[in-house]
1. Any residue at all in the stretch 32-50 that is free of Cβ contacts under 8 Å to residues at least 60 places away in the same chain, in a helix (DSSP H, G or I) and of a type in the set (Phe, Trp, Tyr)?
2. Do we have residue 116 as in contact with an Asp or Glu (Cβ under 9 Å, 6 or more places away or on another chain) and not aliphatic (A, V, I, L, M) here?
3. Determine the pairs where a residue that is at pLDDT below 95, located within the stretch 1-21, has a partner that is open to solvent by less than 40 Å² (accessible area, probe 1.4 Å) with Cβ atoms under 7 Å apart, the partner being 6 or more residues away or on another chain.
Amino acid sequence: MTADFSLIRSSFAAVQPHGPQVTEYFYDHLFAHHPEVRPLFAAHLDEQRDRLWAALGALVANLENAETLAGMLQNLGRRHAGYGAVAAHYPAVGASLIASLRHFAGDEWTPAAEESWTAVYGVISNAMVAAGETAPS
């Protein structure tokens, strides 16, 4: 599976006008399909939604900047480990992310776009899990 960065950027551009709705949909989907992760999050998600949206934007903006992207993912992975996230949580997050993007991307969402996002999320989650596993407890 390979990632086409132009498809990542165009599909993300298609969802950008819906930013707050995308992250709301994401958390609704995540908690509906994986209620076991709900305790890892604050009761009110406004700040978390904003942080998620900002992180997605930063990741898309830095897709081709490996050094910056690696640093971002290591920091995110360590922080998430501190919140109690473990490797088993990442597939659920990925499924909810893909579902959210698919829901809002309209015609920009194609099988190739989904394949690209799935590939990119695999890299993201692997880097975050690795960083989380080396984070001090």
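1. Among the residues of the stretch 32-50, not one is free of Cβ contacts under 8 Å to residues at least 60 places away in the same chain, in a helix (DSSP H, G or I) and of a type in the set (Phe, Trp, Tyr), which makes the answer no.
2. Values: in contact with an Asp or Glu (Cβ under 9 Å, 6 or more places away or on another chain): yes; not aliphatic (A, V, I, L, M): yes.
In short, yes.
3. That search, which allows pairs on different chains as well, returns 1/119; 2/119; 3/116; 3/119; 3/120.
The rows are residues; the columns are (1) open to solvent by 40 Å² or more (accessible area, probe 1.4 Å); (2) closer than 24 Å to residue 20 by Cβ; (3) of a type in the set (Val, Ile, Thr); (4) touching a helix residue (DSSP H, G or I) at 6+ places or on another chain (Cβ under 7 Å).
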{"residue": "68", "(1), (2), (3), (4)": "yes, no, yes, no"}
{"residue": "71", "(1), (2), (3), (4)": "no, no, no, no"}
{"residue": "77", "(1), (2), (3), (4)": "no, no, no, yes"}
{"residue": "92", "(1), (2), (3), (4)": "no, yes, no, yes"}
{"residue": "103", "(1), (2), (3), (4)": "yes, yes, no, yes"}
{"residue": "109", "(1), (2), (3), (4)": "no, yes, no, yes"}
{"residue": "113", "(1), (2), (3), (4)": "no, yes, no, yes"}
{"residue": "126", "(1), (2), (3), (4)": "yes, no, no, no"}
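The values are calculated or read from the model by the stated rules, or taken from the named source; none is laboratory data. Being a predicted model, the structure only gives us computed values, none of them experimental. We place every Cβ from the backbone using ideal geometry, glycine too, and count neighbours over all the protein chains shown. The area values use the complete protein model at the heavy-atom level, side chains included, leaving out ligands, DNA and RNA. Shrake-Rupley method; radii C 1.70, N 1.55, O 1.52, S 1.80 Å.
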